[in-house]
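Notes follow once the structure below has been shown.
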Amino acid sequence: MLKHLLDAREMVHPEPLQISMTLLQTISNEEYLYMLNYKKPIPLLEVAKEKGFRYLTQQDNEELWHIIITKNSVCNLEELIDV
Amino acid sequence: MFSQGGLSLEQAPPISVVMRFFIMATSFGLLLGVFILIDKLEIASNFVQNSQLVIVHILALGVMASFMLGALFQMLPVIAGVVIKFPTKQATIVQLLFLVGLLLQLFLFATKQNPPLLYFLASAYLGGGLLYASILMLKELIQIKDHSSSSKGMIFALIGFILALSIGVYLLLTLGGFTTGSLFLEFKEIHYSFALFGWISLLIVSVSFQVIEMFYITPKYPNFMSKYLTLSIFTLLIMKSISLIIGIDSQAITLLIFTLFILYASITLHRLYKRKRPTSDATVWFWRLGMGLLIVSMSITSIGLFITLNHQLELISYLTFIGFALSVIFAMVYKIVPFLTWFHLSNQGYMEAPMMHDVIHPKKAKIHFYIHVAMLSLWTVALTLDIIILNILGSITIIASFGWLLYNLIFAVKKYNYTQKHTEKFEW
């Protein structure tokens with residue numbers, strides 16, 4: 001699985017959403033988006049859900065959100081998350 | 001903390017919901033400017049009964065509550081993950097009842113006629129529409145599992161709104177002769193306290209905990225503030241209300257509320273100063289101005305607790321409070337509208353969706369900021385000197401401010417419709 005890391009911690013809203021949506025429009029089944037953000041990106045997760053993507057969100061001890069989004073329907077998302 | 005699924009964009013309101021509320025709010029802003037102009041020219045003095053009451057309610061309900069309800073319909077799903085079922089239908093019911101009720105109320109405050117039936121109808125429509133909206137939002141908000149400081153604060157703000165509305169309905173029914181109006185003056189003060197501090201200010205505080213960090217990449221608010229500020233202010237407002245009803249002195253509580261707002265505004269200004277990406281668009285300036293004005297307003301009002309203020313200074317404390325609320329509202333509108341236009345079109349698959357700066361160019365927002373500053377400056381001088389020409393110019397700047405915003409909103413709607421009609425869409 002090819003990881004597309006998007007560190008959105010220093011990005012101004014809605015840059016993370018713009019970059020993510022552009023990526024998700026072209027991403028294949030063998031790729032996934034891995035986003036780091038201080039806020040849970042609810043609009044992005046809504047889009048992902050509506051478009052049939054799978055996602056997993058987890059907050060680490062420093063309250064940083066780790067977000068994985070992929071089209072792949074069989075991979076274990078918990079194995080991909082790095083918290 | 002894991003979470004998968006549970007959200008659906010189908011439940012998010014279409015852009016028309018928020019735009020309709022924003023356009024209604026802006027239209028009431030124009031009405032406000034025209035009404036003050038007519039009032040200052042003394043054209044309306046023959047038939048207007050209580051122009052102050054009309055101005056306060058156009059501003060607090062027609063302008064501020066309309067903007068805030070529109071923003072809440074949009075922000076609750078985005079910020080808190082709250083799902084409001086059938087948002088278009090619900091928003092339409094609320095808006096119609098609200099509009100009819102408010103127009104009736106303004107008619108009653110403005111004219112010297114007071115048929116009880118109209119007071120009853122105004123209470124029913126206005127109270128019904130706004131209470132329905134706030135209870136609907138509150139019910140959904142309470143049920144969410146992972147509360148943030150913003151969502152918790154919104155709960156207090158909505159309860160504050162419900163209290164202000166319920167007391168407002170009681171006052172209106174009293175004016176219509178339906179109740180004896182016991183403790184009328186005390187309830188009037190509680191009504192204003194919850195409307196200004198428990199609803200408008202608490203909602204701004206709650207939203208800022210989310211958007212200041214997110215929009216401007218600032219350091220986080222101190223934990224004690226994001227966790228306890230809204231709860232503390234709300235509790236103090238309840239204590240103040242009880243004190244008023246049982247007739248004991250509430251000056252210390254009031255001072256504490258004002259101090260907490262000054263502390264909040266100072267910390268927000270500091271956070272904006274420390275932002276990591278020092279871009280400086282109009283919305284940052286609106287926030288800075290708003291926080292500065294909140295400090296000025298709360299400081300003057302605090303001094304007024306100890307010494308008798310002269311009338312002009314008292315009026316300036318009201319003006320700075322209005323300036324605070326409008327500045328933050330404008331900052332939010334100039335973030336929300338371009339974002340929503342781009343977001344909805346992109347999500348629908350329009351590859352040529354206009355970018356945010358194409359929807360409302362930052363220069364247009366900056367022009368509005370200058371008009372807004374001119375409006376506040378003119379009114380500060382006008383209230384101090386009470387010269388008729390300054391009052392007229394001040395009224396014209398109110399019309400210019402909301403007229404410019406209306407133009408920007410209509411431009412955004414046209415851009416949205418044009419993209420949908422004339423550009424290609426793809427499925428993704």
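Compared with the alpha-carbon gap, the fully stretched path from B:Glu352 to B:Ile142 is longer by 71.7 nm at 0.36 nm per residue.
Quick check on packing: order B:100-107, B:206-213 by the mean number of other C-beta atoms within 10 Å, highest mean leading.
Numbers: B:100-107: 20.0, B:206-213: 22.8.
By packing density, highest mean first, the sequence is B:206-213, B:100-107.
What percent does the relative contact order of chain B come to when contacts are Cα pairs within less than 8 Å and at least six residues apart? Relative CO of chain B lands at 16 percent. Any chance you could list P(r) for region B:315-377, counting all Cα-Cα pairs in 10 angstrom bins from zero, rounded to whole %? Reading upward from the zero bin: 20, 39, 24, 13, 4, 0. FRET efficiency for the B:Lys274 to A:Tyr38 pair, using the beta carbon distance and R₀ = 22 Å, is estimated at 0.90. Karplus-derived 3J(HN,Hα) values for region B:80-96, using 6.51 cos²θ - 1.76 cosθ + 1.60 with θ = phi - 60°, are 10, x, 7, 9, 9, 6, 6, x, 5, 5, 4, 5, 5, 4, 4, 5, 5 Hz; glycine and proline are entered as x. Projecting label points 7 angstrom from Cα along Cα→Cβ for A:Asn61 and B:His361 puts them 5.1 nm apart. Among the residues of A:33-46, the average count of other protein chain beta-carbon atoms within 10 Å of the residue beta-carbon is 4.
Checking the a/c ratio against 1.5 first, then a/b against b/c, what shape does the Cα gyration tensor give for chain B? Kindly include the intermediate steps, with their values, before the conclusion.
Working: a/c = 1.34, a/b = 1.29, b/c = 1.04.
Here chain B falls in the rounded category.
Charges only on Cβ, +1 for Lys and Arg, -1 for Asp and Glu: so what's the dipole of region B:151-277 about the Cα centre, in debye to the nearest 20? List each step's numbers first, then the result.
Values: 10 positive and 4 negative charges, 169 e Å.
The calculated dipole for region B:151-277 is roughly 820 debye.
Find the centroid of the Cα atoms in region B:25-51 and in region A:13-83, then give the distance between the two in whole Å. Taking the Cα centre of each part, region B:25-51 and region A:13-83 sit 52 Å apart.
Placing +1 on the Cβ of every Lys and Arg and -1 on the Cβ of every Asp and Glu, with nothing else charged, gives the protein assembly as shown a dipole about its Cα centre of roughly 420 debye.
The 3J(HN,Hα) values that the Karplus relation (6.51, -1.76, 1.60; θ = phi - 60°) gives for region B:310-319 are, in residue order, 6, 4, 4, 5, 4, 5, 5, 5, 5, 4 Hz. Gly and Pro appear as x. Taking one quarter of the surface of the convex hull spanned by the alpha-carbon atoms of the protein assembly as shown gives a direction-averaged projected area of 24.0 nm². Answer with one residue from B:Ile388, B:Thr179, B:Phe339: the one whose Cα lies farthest towards the positive end of the charge dipole of chain B, charges on Cβ with Lys, Arg +1 and Asp, Glu -1. Farthest towards the positive end: B:Phe339.
Distant-in-sequence amide contacts of B:Gly349, defined by a placed amide H-H separation under 5 Å and a gap of 5 or more residues or a different chain, comprise nothing. In this simple spin-label model, placing a label point 7 Å from the Cα along the Cα-to-Cβ direction at both A:Cys75 and B:Phe120 gives a separation of 6.7 nm. Our note on the geometry: Cα centres of region B:368-428 and region B:341-365, 19 Å apart. Around the amide H of A:Gln59, modelled in the peptide plane, lie the amide H atoms of A:His66, all under 5 Å away and 5 or more residues distant in sequence or on another chain.
What does the structure give for A:8-19 when I average, per residue, the other chain Cβ atoms found within 10 Å of the residue Cβ?
Details: counts 1, 2, 3, 3, 9, 8, 9, 1, 1, 4, 6, 0.
For peptide A:8-19, the averaged partner shielding equals 4.
Using the average count of surrounding beta-carbon atoms within 10 Å as a protection proxy, the listed peptides B:273-283, B:318-328 rank, highest first, as B:318-328, B:273-283.
Peptide B:270-279 is shielded by partner chain Cβ atoms: per residue, an average of 1 of them sit within 10 Å of its Cβ. When only alpha carbons are used to place a centre, region B:288-325 and region B:106-151 end up 27 Å from one another.
Bear in mind these aren't lab numbers, they're just calculated from the coordinates by the rules spelled out. It should be emphasised that the depicted structure is a prediction, and the values quoted were computed from it without experimental measurement. No Cβ is skipped: glycine too gets one built from the backbone with ideal geometry, and neighbour counts run over all protein chains shown.
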